[in-house]
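The structure under discussion appears below in the form of structure tokens.
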Amino acid sequence: MTAEIICVGTELLLGDIVNTNAQFLSRELAELGISVLHQHVIGDNPGRLRELVTQARQRSDLLVFSGGLGPTADDLTKETVAEAFGDTLRFDEEEWQKIVEFFGRTHRTPSENNRKQAMVPVKGHKVPNDHGTAPGAWFEDEQGHAAVLMPGVPREMKAMWAEQVRPALQARQNCTIHSVTLRVLGGESSIASKAAPFFESENPTAAIYCKTGESEIRVTARAATAEEAETACRARIAEFRKVLGDNAYDTDVPGLEYTVVRILREKGLQAATAESCTGGLVAEKLTNVPGASEVFGFGFVTYAEQAKNRLLGVDPALIERCNVVSGPVAVAMARGALKASGADLSIGITGLAGPGGALPGKPVGTVYLAGADARTGRAHLMRLELGGYQERAVIRARAALYALDLLRRMALGLPPDSGVSLGPDDPVPEF
């Protein structure tokens, strides 16, 4: 089945409202195995909407609308789509009473123009809305092309989708759909080049979504039973893992911090952080995970040089000799965090997040990341060059992601992606 998403509202075209509905619907339709061919944003103009609906019906099996179901004169989506599908509308007394009761719960009386929201299809059918005043609508022509209309308010639209529309579409698919999302560190182009054949398969399908410093690969399978679909997804995920290696870190998790907390818990390890340029971002990510208190008890934000000395024991002479943004200081921060916290693993981060503050040989985006392991006495140091990402927030976010990955790798005993490994008595390079 193919689909097009049509979001209606002049306010969307003007940029007054961020169109999150299209993103939500695209992901939901992909999970159902429905291919989205086009996304549209169109203003409250019946002529242009009529033209779009006519064209979209010729290309796609399903048109999914959000918006344009309000009570004002320019809310004409329902009337326009009904005309395009050869349908008409009738007044529904039951829906009108629901609208009256909805207003009554807040001691209000509906206006006369609210009556247009109680108009429902004659040939098609209404889609109940238990979370607002406007019912949705379902239209269908003789060729089997369908249009489903939902409110533009995200809360109402998502509820209607979950309660009414998604189950109806699942029934029409005549199969079971299952999806698994694999999270992978690295950029989209690198991942796609390594695993290109897997993205060409029709069942299971695979789609890649780029994020800051990592990507998501969503694998979706269609099968007669849920068990068969899940088995097909897991088999394809295993193939992705084989070619992508350790960078493929987990499935169906919101982020890397969830994986790190799980691994630390499974290994019975405690972690600590010592942050400068990231300002506590790594600790924030870890503590966003429920149950993080079992594995994370100390996070040091040592932005000032004095803080590095007082809280972590970093020697001021070391800072004077090497500069606060340096490998030796990052290692000293990590080792100081271990000593101060009694944790098993720690990380230390210092760098230049910008936009100013560049140093000779150290442009904005230079970040030193160190990890220390109390079990072995060893430390790992890497220099990150994040200057290609000029925004301060992006540099910090990417540095935090690398830090979380270093924690993951140390906990699992995996070799870090880059950098140098140091014994307890090895000199720390100043690269």
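Return the residues of the stretch 271-300 that are crowded, with 19+ Cβ neighbours inside 10 Å and not small (Gly, Ala, Ser); say none if nothing qualifies.
Thr273, Glu275, Cys277, Thr278, Leu281, Val282, Lys285, Leu286, Val289, Val295, Phe296, Phe300
Quick check on this structure: which one of Ala372, Ala307, Ala340 is among the aliphatic types (A, V, I, L, M) and within 25 Å of Ser418 (Cα to Cα)?
Ala372
Considering (1) touching a strand residue (DSSP E or B) at 6+ places or on another chain (Cβ under 9 Å); (2) under 30 Å from Asp252 (Cα atoms); (3) in a helix (DSSP H, G or I); (4) not basic (Lys, Arg), say which one Ala162 fails and leave the rest.
Here Ala162 clears every test but (1).
Just to verify a result, which residue in the stretch 366-380, among those that are farther than 12 Å from Leu352 by Cβ and surrounded by 24 or more Cβ atoms within 10 Å (Cβ to Cβ), is nearest to the chain's Cα centre (by Cα)?
Among residues in the stretch 366-380 that are farther than 12 Å from Leu352 by Cβ and surrounded by 24 or more Cβ atoms within 10 Å (Cβ to Cβ), the one nearest to the chain's Cα centre (by Cα) is Leu369.
Anything in the stretch 85-101 that is within 39 Å of the chain's Cα centre (by Cα) and among the β-branched types (Val, Ile, Thr)? List them, or say none.
Once the filter is applied, which keeps residues that are within 39 Å of the chain's Cα centre (by Cα) and among the β-branched types (Val, Ile, Thr), the stretch 85-101 yields Ile99, Val100.
Working carefully through the options Arg222, Arg218, Arg236, find the one that is outside the structural domain of Arg396 (by TED's automatic domain parsing), over 27 Å from Gly348 (Cα atoms) and touching a Gly at 6+ places or on another chain (Cβ under 6 Å).
After applying the criteria, what remains is Arg222.
Which members of the stretch 56-79 meet the condition of being within 24 Å of Leu169 (Cα to Cα), modelled with pLDDT under 95 and of a type in the set (S, T, N, Q)?
Gln58, Thr77, listed by residue number.
Results for (1) assigned by TED's automatic domain parsing to the domain that holds Arg166; (2) assigned to a helix (DSSP H, G or I); (3) in contact with a Ser or Thr (Cβ under 9 Å, 6 or more places away or on another chain); (4) more than 30 Å from Gln58 (Cα to Cα), shown as yes or no for each residue.
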residue: Arg90; (1), (2), (3), (4): yes, no, no, no
residue: Trp96; (1), (2), (3), (4): yes, yes, no, yes
residue: Glu101; (1), (2), (3), (4): yes, yes, no, yes
residue: Pro110; (1), (2), (3), (4): yes, no, yes, yes
residue: Gln117; (1), (2), (3), (4): yes, yes, yes, no
residue: Val120; (1), (2), (3), (4): yes, no, no, no
residue: Lys123; (1), (2), (3), (4): yes, no, yes, no
residue: Lys126; (1), (2), (3), (4): yes, no, no, no
residue: Asp130; (1), (2), (3), (4): yes, no, no, yes
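Across the stretch 287-320, which residue is farthest from the chain's Cα centre (by Cα) among those that are in a helix (DSSP H, G or I) and closer than 20 Å to Ala379 by Cβ?
Of the residues in the stretch 287-320, the ones in a helix (DSSP H, G or I) are 287, 292-294, 305-312, 316-320.
Remaining after also requiring closer than 20 Å to Ala379 by Cβ: 308-309, 311-312, 317-319.
Numbers: Lys308: 34, Asn309: 38, Leu311: 35, Leu312: 35, Ala317: 44, Leu318: 41, Ile319: 39 Å.
Out of the qualifying residues, it is Ala317.
Being in contact with a Gly (Cβ under 8 Å, 6 or more places away or on another chain) and buried (at least 21 other Cβ atoms within 10 Å of the Cβ) is the filter here; which residues of the stretch 309-328 pass it?
Result: Leu312, Val314.
Do the conditions hold for Leu52, that is, is it crowded, with 16+ Cβ neighbours inside 10 Å and either under 30 Å from Glu200 (Cβ atoms) or of a type in the set (A, V, I, L, M) (or both)?
yes
Looking at the stretch 91-105, is at least one residue touching a strand residue (DSSP E or B) at 6+ places or on another chain (Cβ under 9 Å), within 23 Å of Ile42 (Cβ to Cβ), surrounded by 13 or more Cβ atoms within 10 Å (Cβ to Cβ) and touching a residue at least 12 places away in the same chain (Cβ under 8 Å)?
no
Hey, could you check the stretch 155-207 for residues that are basic (Lys, Arg) and within 21 Å of Glu28 (Cβ to Cβ) and say which is surrounded by the fewest Cβ atoms within 10 Å (Cβ to Cβ)?
Looking at the filtered set, the residue picked out is Arg155.
Return yes or no: is Val325 assigned by TED's automatic domain parsing to the domain that holds Leu338, at pLDDT 95 or above and not in a helix (DSSP H, G or I)?
Numbers: assigned by TED's automatic domain parsing to the domain that holds Leu338: yes; at pLDDT 95 or above: yes; not in a helix (DSSP H, G or I): yes.
When the stated conditions are applied, Val325 passes them.
The values are calculated or read from the model by the stated rules, or taken from the named source; none is laboratory data. None of these values were measured; they are calculated from a predicted model. Neighbour counts run over all protein chains shown; Cβ positions are idealised from the backbone, glycine included.
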